[in-house]
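Structure record follows, encoded as structure tokens.
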Amino acid sequence: MKTLDEQQQPLMKTARPRRYRLLAGLLLALAVAGCANWSWNPAKWSLFSKEPEPAPPVVEVLAIESLSPNPAADRFSQSWEGVRLVIDIHSDTGIGRAVIRPREQGWPLRLAFRLHLSTLEGFEVRAAQNLRFSLGHDPLTEPAFIDVPHGAYTKDSPQVEIQWVDHYR
């Protein structure tokens with residue numbers, strides 16, 4: 001006849017693996033459920049992601065007049081980034097021109113343009129100097145940022161003329 005310890009040993013041997021299998025299955029189910037919301041893109045991991053910075057407040061420092069054939073397709077906004085005034089240009093047609101004039105405050109110390117276009121074949125700035133910028137034919141993954149160099153316009157410049165064209169025109 002078997003003793004009580006000998007009778008319980010087979011029960012304990014079979015009970016433990018069932019518990020471990022159940023626990024392993026539960027952990028696997030939780031891991032799979034957690035991976036359903038997980039991204040393979042490292043930029044979306046909380047370790048690498050940052051909260052987007054709020055957009056700078058819009059200002060009206062310069063007077064901007066669109067000279068494009070379809071002026072309603074051009075939108076301009078101005079904002080300060082430090083001492084630099086940045087003019088955002090949105091053009092639905094991809095081609096346009098505008099004249100920029102100072103208001104009562106005069107010209108900003110530094111001026112830059114951010115063009116929201118799919119590509120940028122040419123961008124011209126005409127004032128004290130005539131400048132032409134080209135970014136080639138490759139599609140833009142983010143807006144083109146053009147910082148106007150010192151001396152392109154002076155405090156006595158009555159206006160700055162700009163002209164842009166994307167690759168598809």
statement: Expected field for Glu65, accessible surface area in Å² at 1.4 Å probe radius, rounded to 10, holds 90
query: In sequence order, what are the phi-derived ³J(HN,Hα) couplings for region 62-79 according to the Karplus relation 6.51 cos²θ - 1.76 cosθ + 1.60 with θ = phi - 60°, rounded to whole Hz, with x for glycine and proline?
result: 10, 8, 10, 10, 7, 10, 5, x, 10, x, 5, 7, 9, 10, 10, 9, 10, 8
Globularity ratio of region 78-169, using Cα Rg and 2.2 N^0.38 Å: 1.06
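With every protein chain present, what is the per residue accessible area of region 130-169 (1.4 Å probe, Å²)? Intermediate results must be reported in sequence, preceding the final value.
Values: 2730 Å² over 40 residues.
Averaged over the residues of region 130-169, the accessible area is 68 Å².
What percent do you get for the relative contact order of region 69-149 when only Cα pairs under 8 Å and 6+ apart count? Don't jump to the answer; show the numbers that get you there.
Working: 120 pairs, mean separation 20.9, N = 81.
For region 69-149, the relative contact order is 26 percent.
Within region 113-162, which trypsin sites (Lys or Arg not before Pro) sit in a loop by DSSP and count at most 10 neighbouring Cβ atoms inside 10 Å?
Filter output for region 113-162: Lys155.
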message: Could you report the accessible area of Tyr153 in Å², rounded to 10, computed with a 1.4 Å probe on the protein chains as they sit in the structure?
response: 30
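The values are calculated or read from the model by the stated rules, or taken from the named source; none is laboratory data. Owing to the predicted nature of the structure, the values given are computational and were not obtained by experimental measurement. Counting neighbours? That spans all protein chains shown, and the Cβs are built from the backbone with ideal geometry, glycine included. Heavy atoms of the whole protein, side chains included, go into the accessibility calculation; ligands, DNA and RNA do not. Shrake-Rupley method; radii C 1.70, N 1.55, O 1.52, S 1.80 Å.
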